Each structure stands twice: as C-alpha cells, then as structure tokens.
Amino acid sequence: MSRVCAIIVTYNSADAIEACVAPLLDSDAHVIVVDNDSADGTAALVRERLPQVELIANEDNRGFPAAVNQGAARALSNSLLLVNPDCVVPADTVRALDAFLEEHPDVGLVGPRLREDDGSIQISAHPLGSFSTLLANRARRVFPRALSDRFGETYDVSLNATEPTDVGMLIAACVAIRRDLLERIGGLDEGYFMYLEDMELCLQVRRAGYRVVYLPTVEARHVGGASSGDRSHVWPHHSRSLLRFHARHRPQTFQLVRATLVARAVLGMGLGLGQDALAAARHQPPRRKTLAWARVARIAVRQGRRRAAADWRKA
C-alpha cells in the first residue's frame, strides 16, 4: 500500500494534469483525480493517458471541498496530499512531507515552499484571516516590501524561512494532512464552493490541537490558473467565501468586510466600464471586469451575516 495518497481536483485542467501527475507517480503515491465536470476533456485524458490514476468523474461541478472529500473517502494511506492540478510536486517533496508528518505527531498539516513558474517564491504562508490581514493582503500587491514588516510575520516566513515554522495557514495548492485528522474534523467544509476552504481547514486543524507548519526545506512549483476560469464567476465565489468565513469566525468585522467589498466593487465597476469602452473603441472584446464586480456587489449587498454563513448551495 502506498504511504501517500495524492488527491487532485480538476476543472478544465487538461493542459496541466499530466505534468502534475507524473512526479506523484514517481513517488509511488496513490493518485486520485476528482474531475468536476470539465468541458475540455480532462477526464477523458486522464482515463486514456494516465491509467495508473484512480479517476472520479463527477457529472456536475460540486466545488473543491466536496471533491476533495470524495477523494479522501477512497484513500487508504494516512498521509493525504492535496495538490492543485497547476502544481508540480517533486517525488522527494512528497516523501519529505509524509516523513515530516510521521516524525512530528503534533503536526496536522504541512506544506512546502512554493515557487512561481519564473522561480520566484510564492507567498503561501499567511496569518489566519482578519479584517487587518485582508486590507494588508490587498495593499501588498501595490506596496509589497513596505508592508511586509508591518503586517504579518508569515509574509516574511514565505520568503526567508530556512527551517520548519509554525504558521496560521497555508494555501492548499500543495499540503499534506493526516487522513484520520481530516476525518475527525469532518473533512473539508463543503459550505464553501472554492476559495478560503484552505483557511477554514487550517483553522479547524489548529482548533483540533495540531500545528500547521511551513516546510521551506522542500519545494513545489505552482503555476496557478489551471482551474481558475472566468473572473465573472471566480471573483463572486471568492467574495462569497470571504463573507462566509468572516460571518462564521470573525463576526465583529463582518460588516466592515461587507462594506469594503461593496466599495471595491463600485470602484471596479467604474474602472471596468471605462476599460470596456476603450476596448470597444479598439474593436477588442470586453474584459468582463464590470460584470464580475457587479456580481460581487450584488452578493455583498444581499448577504447579511446569517445568509453569508450558510452553505453556498443555499446562500
């Protein structure tokens, strides 16, 4: 029996899935691909070109957490590796993550240093979400160095750590977790469709009394975007998840987050209309930012705390 079971959730990931799976098979991991009704032939490609992989082909898009839970239900190994299809994890990294869990029984979840396709370090370690970290994460995109010392020690951890370091959360592009722990906390929270399910997972791991550890001594490459899709669908999902997390765990700042989303959406719609007008004058297709921000605004305006905390299928 394989020591590690790697679970990959795909959605229109045909261009990335083979590169993702190959090193996992080299590590002797049991690989499970859960396809969320891709329209680009991902499931057929896996079936035809990757016969060693166990495939679960859903007939609808059930969302990321539900798909992970489907894969975990098929796993026999106690080390589960959650891997995005746009992430390439060397075999040595797979083995190192499994060994770290084996050697540190108080660690519930561990992830490697992630690098972008150009070799730069990706900021994958973060504090658990709060209103201040939300603002800081937005501002860092404009002033990354100026804010790295002021907001969030884990920002520096991603860049500079040289040894295992406890963190608030890790993005789940590549993380290893104990299967028995995942079962104990009820799996990934299927109330999220996509986004922030990793923050919720790390919160639940910590509440269960386990550590979340960033392991910079091993690495994986995370290209990003292999399952992201149209921003007019992606941004609303992210906003709904953000509201849900704060409604459930940060109620004192829920209204601030909601108001911030509304203000950002109004600004985005204004800028988007200008960009679309310029694109039309140049006979170019619209960028769809206006539609995306309009949907974000609609979600933020309509969802009070009780509705925001609900399962995405009922929100």
ask   = Tally time: how many residues in the range 24-50 are over 25 Å from ARG95 (Cβ atoms) and in a strand (DSSP E or B)?
value = 2
ask   = Do we have any residue at all in the range 55-74 that's in contact with a Lys or Arg (Cβ under 8 Å, 6 or more places away or on another chain), of a type in the set (S, T, N, Q) and in contact (Cβ under 8 Å) with a residue 40 or more places away in the chain?
value = no
message = So ARG295 passes all but one of these: (1) among the charged types (D, E, K, R); (2) modelled with pLDDT under 85; (3) not in a loop (DSSP other than H, G, I, E, B). Which condition number does it fail?
response = (2)
inquiry  = For the range 75-106, which positions are more than 15 Å from ALA172 (Cα to Cα), touching a residue at least 12 places away in the same chain (Cβ under 8 Å) and part of a loop (DSSP other than H, G, I, E, B)?
reply    = ALA75, LEU76, SER77, ASN78, PRO90, HIS104, ASP106
ask   = Is the range 210-229 home to any residue that is touching a Ser or Thr at 6+ places or on another chain (Cβ under 6 Å) and either assigned to a loop (DSSP other than H, G, I, E, B) or charged (D, E, K, R) (or both)?
value = yes
query = Across the range 269-295, which residue is nearest to GLU197 (Cα to Cα) among those that are among the small types (Gly, Ala, Ser) and buried (at least 20 other Cβ atoms within 10 Å of the Cβ)?
reply = ALA292
request  = Please find, within the range 245-265, the residue that is surrounded by the fewest Cβ atoms within 10 Å (Cβ to Cβ) out of those that are more than 18 Å from MET169 (Cβ to Cβ) and touching a Leu at 6+ places or on another chain (Cβ under 8 Å).
outcome  = THR260
ask   = What is the residue count in the range 1-26 for residues that are out of contact with any Pro (no Cβ under 8 Å at 6 or more places or on another chain) and surrounded by fewer than 22 Cβ atoms within 10 Å (Cβ to Cβ)?
value = 11
remark   = PRO144 vs (1) modelled with pLDDT under 95; (2) buried (at least 19 other Cβ atoms within 10 Å of the Cβ); (3) not β-branched (Val, Ile, Thr): all pass except (2)
remark   = Among VAL68, VAL21, VAL9, the single one that is in a strand (DSSP E or B) and closer than 18 Å to VAL175 by Cα is VAL9
ask   = Of the numbered conditions (1) in contact with a His (Cβ under 8 Å, 6 or more places away or on another chain); (2) in the same structural domain as VAL9 (by TED's automatic domain parsing); (3) among the polar types (S, T, N, Q), THR253 satisfies every one except a single condition; which is it?
value = (2)
inquiry  = Considering only the range 81-93, I want to know if a residue exists there that is within 21 Å of the chain's Cα centre (by Cα) and farther than 14 Å from ILE7 by Cα.
reply    = yes
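The values are calculated or read from the model by the stated rules, or taken from the named source; none is laboratory data. No experiment lies behind these values; they were computed from the predicted model shown. So basically every Cβ, Gly included, is an ideal-geometry build from the backbone, and we count neighbours across all protein chains shown.
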